[in-house]
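Trainee: Take a look at the following structure, please.
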Amino acid sequence: MSRPVTVYVPQDASALSVGADEVAAAIAAEARKREAAVRIIRNGTRGMLWLEPLVEVQTDKGRVAYGPVEANDVAGLFEAGFLQGNDHGLGHGLTGDIPYFANQERLTFARCGLADPLDLQAYEDNGGLAGLRAALEMDPAAIVEAVTESGLRGRGGAGFPTGIKWKTALAAEADQKYICCNADEGDSGTFADRILMEGDPFTLIEGMVIAGLAVGATEGYIYLRSEYPHAIAAMKAAIGIWNEANLLPAGKGFNLCLRKGAGAYICGEESSMLDSLEGKRGVVRAKPPIPAIEGLFGKPTVVNNVISLATVPVILAKGANYYKNFGMGRSRGTLAFQLAGNVARGGLIEKAFGVTLRALVEEYGGGTLSGRPIRAMQIGGPLGSYVPAAQLDLPMDYEAFAEAGAMVGHGGIVVFDDSVDMAGQARFAMAFCAIESCGKCTPCRVGAVRGTEVIDKIIAGQNVAENVTLLEDLCEVMVDGSLCAMGGLTPMPVLSALRHFPEDFDRPPKRPAAE
Amino acid sequence: MSDNGAPLAADICVRHGNRPDTLIEILHELQDAIGYVPKETLPVIAEALNLSRAEVYGVLSFYHDFHTAPKGKHTIALCRAEACQSVGCEALARHAEQKLGVKFGETTADGAFTLKPVYCLGNCALAPAMMLDGRLYGRLDADKFDAAVKKAETQ
């Protein structure tokens, strides 16, 4: 047989959800039948999720893409000569030339989908470990300085400068410090953490090890939600391979431990995540003290989101200035935008800050999946505002969004068409808060229940004007009086729905049905 | 299980060094092995980790993942969060309830399926999504749901 042709079939959870395993099996079976030499590599996703399963064939010209491929398309692909990169109805030409992909600025996700995620040699060949090697030559303070200088802000949603957190932890005196990675990506409309952990897990590990070198921490925890079994498996395997490879010089050990969540949304809040890591109920802690001074087991702890940590290697490898030169205003670098919900071409788009919402949702996303007009987008997760279609020209920038009463958050964008009932969405925000509140503070625990009841009355048309006033009042109490973002931000979707879509709250009283 | 899992619970605790910070890991392992966390194991775990029973029960009852009674042979977790709502997961939820003859949180009379809501499986670009015994489904509709249920039934 001739030299085998390399065929890539993603094993990302999203690809699997639409039959990637079946496609890989069909390609292997068809190749056997035709006595064609094929080597199948299960890579991460390239982020173009609407094309999944996206099969790529390595040719002399580069990687040629076909998708979305179903198992029963496979015989036809062989027939058309896809192993030579020939045309087919599902063909998209070279992957790197697909506009959706070509126009991105892939820094954090530069390697995602290129190779077998657990192939450490391929990781290094594609630029991995360069950040770590640079960091090993630097003083802790210089590493912190580079991260501060890059302008990197917390990608989990809060947007707090990462370097400042690290500086505080570095300055804290303690016999033990910790790096905790918040991988409890519970927000609907987000999957960047998952894609990275499944598609390029070593990047996260490298980022955590650099964080450890920077602040003097020798232990790290990844708190990964139980709803992500594929990411858990990938991270566990990657940690094993990383440890085996023994990449750190003597005296610079870093012990990494993965902890599985147990289905509590609130554990995405950093202080309740710390309590959960200690084996307790995920109840929010009062601040101060901040985790950087008194965090896990009472020790100085850096708590960062997956993408924040996974962005550190490229900053160290290419320099703070390189990273800082992307973006606008005080939003530096790139964000992994996630297009989700009712959108024709959903997926992950890593772009510099400053790209407009319209460019993302219309040019990349291609509008709604249903083909109906866009009515609203919820941005930044369940605690983010609903943004009306009229604001599509907003630039993706922390400050510009804050000024418009919305938040960029982690860059998750859930698109809704004109069939959405915004009063229903506002109700869900309150109901979700009631389900997921940790129960520690009253504005959140009780406020969410009362909020659901008041919206029910509005929907039923009972004293609408008075109840809307009451709802606004309640939201004010939740914003001002809640201990954390759960109760404090739930009013964001509620009030934005009310402000931008008042017609959905203006209900006539329901009359008993006629006999 | 005739011994209510108590010896197994004690064994798992020892394997985790009887460390109280591993309580959630211990409960996961116990539930993976038995299918639920029998209440009879609580005093054993409390003793091993040097915690009060109330503390162990507090953790057990806080997290949605854990349950203290057996569930169906198969678990269907249907996502009902915003991204799935935007493409009609509520209609699918009603279909699932009708098809299985149960409400969310319940188990079918024959013990075959437990239907539960989940708030995000991270498959939001290919919504609606569900997970059936660890297998993720995307771009779900009523027909695909029925086929998945049928496939599980024959397993």
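Trainee: In the range A:338-354, what residues drop by 40 Å² or more in accessible surface going from the chain by itself to the full protein assembly, probe 1.4 Å?
Mentor: A:GLY341
Trainee: At 1.4 Å probe size, with every protein chain present, just tell me what the per residue accessible area of the range A:422-505 comes to in Å². Walk me through the intermediate numbers first.
Mentor: Details: 3340 Å² over 84 residues.
On a per-residue basis, 40 Å².
Trainee: At a Cα cut-off below 20 Å, give the lysines reachable from B:LYS103, other chains included and same-chain residues fewer than 8 away excluded.
Mentor: By straight Cα distance, B:LYS103 reaches B:LYS71, B:LYS73, B:LYS116, B:LYS144, B:LYS150.
Trainee: What spacing in nm lies between the two simple spin-label points modelled at A:GLU362 and B:ASP32, each 7 Å away from Cα in the Cβ direction?
Mentor: Distance between label points: 4.9 nm.
Trainee: Kindly state, as a whole number, the per residue volume in cubic angstrom of the convex hull around the alpha carbon atoms of the range A:327-417. Intermediate results must be reported in sequence, preceding the final value.
Mentor: Numbers: hull volume 6.6 nm³, N = 91.
Normalising the Cα hull of the range A:327-417 by residue number yields 72 Å³.
Trainee: Oh, and also: Put simply, what bits of the range A:146-192 lose 30 Å² or more of accessible area when the other protein chains are there, versus the chain on its own (1.4 Å probe)?
Mentor: Residues of the range A:146-192 that lose at least 30 Å² of accessible area once the other chains are added: A:SER188.
Trainee: Okay, next question. Starting from the 7 Å offset along Cα-to-Cβ, what nm value, one decimal, do you get for the label separation of B:ASP133 and A:ALA460?
Mentor: For the pair B:ASP133/A:ALA460, the computed spacing is 4.3 nm.
Trainee: Any idea what the dipole of the range B:25-155 comes to, in debye rounded to 20, about its Cα centre with Lys/Arg Cβ at +1 and Asp/Glu Cβ at -1? Could the numbers behind the result be given before it?
Mentor: Values: 14 positive and 17 negative charges, 78 e Å.
Its charge dipole is roughly 380 debye.
Trainee: Can you give the extra length, in nm with one decimal, that the chain gains between A:GLU70 and A:ALA36 once fully stretched, where that is 0.36 nm per residue apart less the Cα-Cα distance? Walk me through the numbers before you get to the answer.
Mentor: Details: separation 34, 0.36 × 34 = 12.24 nm, distance 1.97 nm.
Full-extension gain reported as 10.3 nm.
Trainee: In whole percent, what relative contact order does the range A:5-102 give with Cα contacts below 8 Å and a gap of six or more residues? Each step should come with its number before you reach the end.
Mentor: Values: 175 pairs, mean separation 29.3, N = 98.
Once normalised by length, the contact order is 30 percent.
Trainee: Given a Förster radius of 25 Å and the C-beta distance between A:ASP421 and A:GLU453 as r, what FRET efficiency does 1/(1 + (r/R0)^6) yield to the nearest 0.05?
Mentor: 0.90
Trainee: Another question about this same structure. Suppose every K and R has +1 on its Cβ and every D and E has -1 on its Cβ; what is the size of the dipole of the range A:120-324 about the Cα centre, in Debye to the nearest 20?
Mentor: Details: 19 positive and 23 negative charges, 70 e Å.
So the dipole magnitude of the range A:120-324 works out to roughly 340 debye.
Trainee: Suppose only helical runs count, i.e. DSSP H with n ≥ 4. What mean residue ellipticity at 222 nm does that imply for the protein assembly as shown under -39500 (n - 2.57) per run, divided by all residues and rounded to the nearest 500 deg cm²/dmol? List each step's numbers first, then the result.
Mentor: Working: 27 runs with 270 residues, N = 670.
Rounded to the nearest 500, the figure is -12000 deg cm²/dmol.
Trainee: Also, I was wondering about something else. Would you kindly state how much longer the chain becomes between A:GLU149 and A:ALA250 on full extension, computed as 0.36 nm times their sequence separation minus their alpha carbon distance, in nm to one decimal? Please list the in-between numbers first.
Mentor: On the way: separation 101, 0.36 × 101 = 36.36 nm, distance 2.91 nm.
Residue separation times 0.36 nm, minus the Cα-Cα distance, leaves 33.4 nm.
Trainee: What whole-number value in Å² describes the accessible area per residue of the range A:5-102 for a 1.4 Å probe? Numbers along the way, then the final one.
Mentor: Values: 3800 Å² over 98 residues.
Here the residues of the range A:5-102 average 39 Å² of exposed surface.
Trainee: Could I ask something else about it? With just the Cα atoms defining each centre, how far is the range A:384-431 from the range A:132-187? Give it in Å.
Mentor: Their Cα centres are 29 Å away from one another.
Trainee: Now, a different point. Only bridges whose two residues both fall in chain A count here: according to DSSP, what percent of them are antiparallel, nearest 5? Write down the numbers at each step before the final one.
Mentor: Details: 28 of 53 bridges.
Here the share of antiparallel DSSP bridges comes out near 55 percent.
Trainee: Between A:ALA142 and A:GLN121, what is 0.36 nm times their sequence separation minus the Cα-Cα distance? Round to one decimal in nm. List each step's numbers first, then the result.
Mentor: Details: separation 21, 0.36 × 21 = 7.56 nm, distance 2.81 nm.
Taking 0.36 nm per residue and subtracting the Cα distance, the gain is 4.7 nm.
Trainee: Moving on. Please report the relative contact order for chain A, taking Cα pairs under 8 Å with a sequence separation of at least 6, and give it as a percent rounded to a whole number.
Mentor: Working: 1103 pairs, mean separation 67.6, N = 515.
Reported relative contact order: 13 percent.
Trainee: Specify the inter-centroid distance of the range A:188-239 and the range B:8-40, based on alpha-carbon positions, in whole Å.
Mentor: 24 Å
Trainee: Right, next: Just give the residues from the range A:369-417 buried by at least 40 square angstrom of accessible area in the all-chains context relative to the isolated chain, probe 1.4 Å, and say none if nothing qualifies.
Mentor: A:LEU369
Trainee: How many percent of DSSP beta bridges within chain B run antiparallel, rounded to 5?
Mentor: 55 percent
Trainee: Suppose every K and R has +1 on its Cβ and every D and E has -1 on its Cβ; what is the size of the dipole of the range A:5-102 about the Cα centre, in Debye to the nearest 20? Let's see the in-between values first.
Mentor: On the way: 8 positive and 13 negative charges, 57 e Å.
That gives a dipole near 280 debye.
Trainee: Still on this structure: Cβ neighbours within 10 Å, averaged per peptide: list A:419-426, A:83-90, A:307-314 in order, most packed at the top.
Mentor: Values: A:419-426: 20.4, A:83-90: 15.9, A:307-314: 28.8.
With the highest mean Cβ count within 10 Å placed first, the list reads A:307-314, A:419-426, A:83-90.
Trainee: Now for a separate question. Mind jotting down the distance between the C-alpha centroids of the range A:85-108 and the range A:437-515, whole Å?
Mentor: Computed from Cα coordinates, the inter-centre distance equals 45 Å.
Trainee: Starting from the Cα gyration tensor of the range A:5-102, take the square roots of the eigenvalues, sort them a ≥ b ≥ c, and report rounded, prolate or oblate (rounded when a/c is under 1.5, otherwise prolate if a/b is larger than b/c, else oblate).
Mentor: Taking the square roots of the gyration eigenvalues as a ≥ b ≥ c, the range A:5-102 is oblate.
Trainee: How compact is the range B:1-145 by the rule of thumb for globular proteins, expressed as Cα Rg over 2.2 N^0.38 Å?
Mentor: Values: Rg = 17.6 Å, N = 145, 2.2 N^0.38 = 14.6 Å.
For the range B:1-145, the normalised Cα radius of gyration comes out at 1.20.
Trainee: What number comes out for accessible area per residue over the range A:200-274 if the probe is 1.4 Å? Units Å², please. The partial results should precede the final answer.
Mentor: On the way: 2120 Å² over 75 residues.
On a per-residue basis, 28 Å².
Trainee: Kindly give Rg over Rh for the range A:223-289, based on alpha-carbon atoms, with the Kirkwood expression for the hydrodynamic radius.
Mentor: On the way: Rg = 14.8 Å, Rh = 13.7 Å.
Here the Rg-to-Rh quotient is 1.08.
Trainee: Round to the nearest 0.05 the FRET efficiency obtained for A:ILE435 and B:ARG15 when R0 = 41 Å and r is the Cβ-Cβ distance. Intermediate values should be presented prior to the final figure.
Mentor: Values: r = 33 Å, r/R0 = 0.81.
Approximately 0.80, to the nearest 0.05.
Trainee: OK, next. Mind grabbing the interface size between B and A? I mean buried accessible area, both sides, 1.4 Å probe, in Å² to the nearest hundred.
Mentor: Values: alone 8740 and 20650 Å², together 25750 Å².
Roughly 3600 Å².
Trainee: Label A:PHE297 and B:THR108 with points 7 Å out from Cα along Cα→Cβ: what is the distance between them in nm?
Mentor: In this crude label model, A:PHE297 to B:THR108 measures out at 4.7 nm.
Trainee: Sticking with this one: Rounded, prolate or oblate: which fits the range A:140-184 when a ≥ b ≥ c are the square roots of the eigenvalues of the alpha-carbon gyration tensor, with rounded for a/c under 1.5 and prolate only if a/b beats b/c?
Mentor: On the way: a/c = 2.38, a/b = 1.18, b/c = 2.02.
Note, shape of the range A:140-184 comes out oblate.
Trainee: Quantify, in whole percent, the carbon and sulfur part of the accessible surface of the range B:76-129 (1.4 Å probe; protein heavy atoms only).
Mentor: Details: 870 of 1820 Å².
For the range B:76-129, the apolar C and S fraction of the accessible surface comes to 48 percent.
Trainee: Decide, for chain A, between rounded, prolate and oblate: order the square roots of the alpha carbon gyration tensor eigenvalues as a ≥ b ≥ c, take rounded if a/c falls under 1.5, and otherwise choose prolate if a/b is larger than b/c, else oblate. Mind showing how you got there, number by number?
Mentor: Numbers: a/c = 1.96, a/b = 1.19, b/c = 1.64.
Oblate is the answer for chain A, as a/c is 1.5 or above yet b/c matches or exceeds a/b.
Trainee: For chain B, calculate the relative contact order in percent as a whole number, restricting contacts to Cα pairs under 8 Å that are 6 or more residues apart. Kindly include the intermediate steps, with their values, before the conclusion.
Mentor: Working: 210 pairs, mean separation 28.8, N = 155.
About 19 percent, as a whole number.
Trainee: Calculate how many DSSP beta bridges within the range A:5-102 are antiparallel, expressed in % of all such bridges and rounded to the nearest 5.
Mentor: Numbers: 10 of 14 bridges.
Given both bridge residues lie in the range A:5-102, the antiparallel proportion sits at roughly 70 percent.
Trainee: FRET efficiency for A:ASP480 and A:LYS61, Cβ-Cβ distance as r, R0 = 60 Å, nearest 0.05? Could you put the intermediate results ahead of the total?
Mentor: On the way: r = 60 Å, r/R0 = 1.00.
Working from the Cβ atoms, E equals 0.50.
The values are calculated or read from the model by the stated rules, or taken from the named source; none is laboratory data. These figures come from a predicted structure and were not determined experimentally. So basically every Cβ, Gly included, is an ideal-geometry build from the backbone, and we count neighbours across all protein chains shown. Areas reflect the complete protein model, heavy atoms only, side chains present, ligands, DNA and RNA absent. Shrake-Rupley method; radii C 1.70, N 1.55, O 1.52, S 1.80 Å.
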